[in-house]
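Asker: Have a look at the structure that comes next, please.
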Amino acid sequence: LRNDRHQAVIKVGQQNIPYQGFPNVRMDMVGDDSWFANISTKSQFDWGILETRAYHEDARHKMNFLKDKGGESGRTMPMDTHGINQGLMVKANIDITDKHLLTVGSEYQRYRLNDWWDPIGTDPMKMMQGSGPFWNIFEGKRDRLDVFTEWEARWNAQWLTQVGIRVGGVEMDTGDVMDYGKLTPEATAFNNTKHKRTDVNIDWTALARYTFNDMQTYEFGVARKTRSPSLYER
């Protein structure tokens, strides 16, 4: 949808993969269902351009053995994952002058994850059996909020500089875990630790570009980049 100064793009999609065998590894993928929806806008104003984006992603992933590995004849090891990813981004490109462009914005991401393995029987003395699932990640949470700004200057036909900074906070948490309904020493040790963690990340970059002629361009830059771990890594 668009007119002379505004544009909106809406995308919705669904994916279904019933199975996918892997001959070179032990497990197979026996199901993968996902869908997404996002909307992005871009608007032109007298002062510059405003961009926004909002999205939702939902994925359910299953692993087990297919028939060629004995999956339908009693051999089973179900592994399930369900993740939801949502976010919002707002960015403004402000024309300070015809030579100077200021970009400011903010981005938010909300991620939720469950990762579990259903038992293959009820005997707690046997492997992969018990009264409940093996909870690898239970109600995992990862929320990220960033603010950023960048200044681009075209000093003349030869020189361009860019300076930017991004400050972000990442908050992560998860629930208690269990080993097929049992509290093993490993599960108890994890459950007794503090689960909630908060990171503050500061990134910056500085770049200078010199255009010597139509055939030669030189860039000089320095940057600092940081990344918080994923739920699995943490």
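Asker: From the P(r) of the stretch 111-170, could you give the percentage of C-alpha pairs in the tail past 16 Å?
Answerer: Result: 69 percent of Cα pairs exceed 16 Å.
Asker: Ok, one more. Excluding residues on the same chain fewer than 8 positions from Lys126, give the lysines whose Cα lies under 17 Å from its Cα.
Answerer: By straight Cα distance, Lys126 reaches Lys182.
Asker: Taking semi-axes √(5λ) of the Cα gyration tensor in Å as the quantity of interest, determine which of (1) 29, 20, 19; (2) 33, 22, 15; (3) 47, 22, 18 was computed from the displayed structure.
Answerer: (3)
Asker: Turning to a different aspect of this structure: Give the Cα extents of the stretch 105-234 along the principal axes, in whole Å, largest first.
Answerer: 76, 29, 21
Asker: Skip the ligands, DNA and RNA, and give the accessible area per residue of the stretch 62-216 with a 1.4 Å probe, whole Å². All intermediate terms of the calculation are to be shown ahead of the outcome.
Answerer: Numbers: 9190 Å² over 155 residues.
Here the residues of the stretch 62-216 average 59 Å² of exposed surface.
Asker: About its Cα centre, how strong a charge dipole does the stretch 37-176 have in debye, to the nearest 20, once Lys and Arg get +1 and Asp and Glu get -1 at the Cβ?
Answerer: In debye, rounded to 20, the stretch 37-176 gives about 300.
Asker: Turning to a different aspect of this structure: Across 5 Å bins from 0, what is the distribution of all Cα-Cα pair distances for the stretch 59-143, in whole percents?
Answerer: For the stretch 59-143, the binned pair fractions read 3, 11, 14, 13, 12, 9, 7, 6, 5, 5, 4, 4, 3, 2, 1 percent.
Asker: Separate question: Describe numerically, in nm with one decimal, the distance between label points set 7 Å from Cα along Cα→Cβ at Asp98 and at Arg53.
Answerer: Distance between the two pseudo-spin positions: 3.2 nm.
Asker: Just name one of Phe22, Leu50, Ser40: the one whose Cα is farthest towards the positive end of the charge dipole of the stretch 19-126 (beta-carbon charges, Lys/Arg +1, Asp/Glu -1).
Answerer: Going by the Cα projections, it comes out as Phe22.
Asker: If you keep only loop residues by DSSP, which chymotrypsin sites (Phe, Trp or Tyr not before Pro) in the stretch 170-234 have at most 11 other Cβ atoms within 10 Å of their Cβ?
Answerer: Those satisfying the criteria are Tyr232.
Asker: Would you work out what percent of the accessible area of the chain, with all protein chains in place, is carbon or sulfur (probe 1.4 Å)?
Answerer: About 56 percent, which is the carbon plus sulfur part of the accessible surface.
Asker: Which entries of Lys62/Lys91; Lys11/Lys99; Lys91/Lys225; Lys91/Lys141 show an alpha-carbon separation above 27 angstrom in the structure shown?
Answerer: As for pairs spanning more than 27 Å Cα to Cα, those are Lys62/Lys91; Lys11/Lys99.
Asker: Charges at C-beta only: +1 for Lys and Arg, -1 for Asp and Glu. How large is the resulting dipole of the chain about its Cα centre, in Debye rounded to 20?
Answerer: With Lys and Arg at +1 and Asp and Glu at -1, about 140 debye.
Asker: Quickly work out the Lys67-to-Gln44 label distance, labels modelled 7 Å from Cα along the C-beta direction, and quote it in nm with one decimal.
Answerer: With each label point 7 Å from Cα toward Cβ, the separation is 5.9 nm.
Asker: Taking the chain as a Gaussian network, Cα atoms linked when under 10 Å apart, which of Ser40, Ser131, Ser106 shows the biggest mean-square fluctuation?
Answerer: Ser131
Asker: Cut-off 10 angstrom, C-alpha nodes, Gaussian network model of the chain. Which of Val167, Val25, Val200 fluctuates the most?
Answerer: Val25
Asker: Something else now. On full extension of the chain, what length is gained from His82 through Gln15, given 0.36 nm per residue of separation minus the C-alpha to C-alpha distance?
Answerer: 22.7 nm
The values are calculated or read from the model by the stated rules, or taken from the named source; none is laboratory data. None of these values were measured; they are calculated from a predicted model. Quick reminder, even Gly has a Cβ in these numbers, built from the backbone with ideal geometry, and neighbours come from all protein chains shown. Side chains included, ligands, DNA and RNA excluded: accessible areas come from the protein's heavy atoms. Shrake-Rupley method; radii C 1.70, N 1.55, O 1.52, S 1.80 Å.
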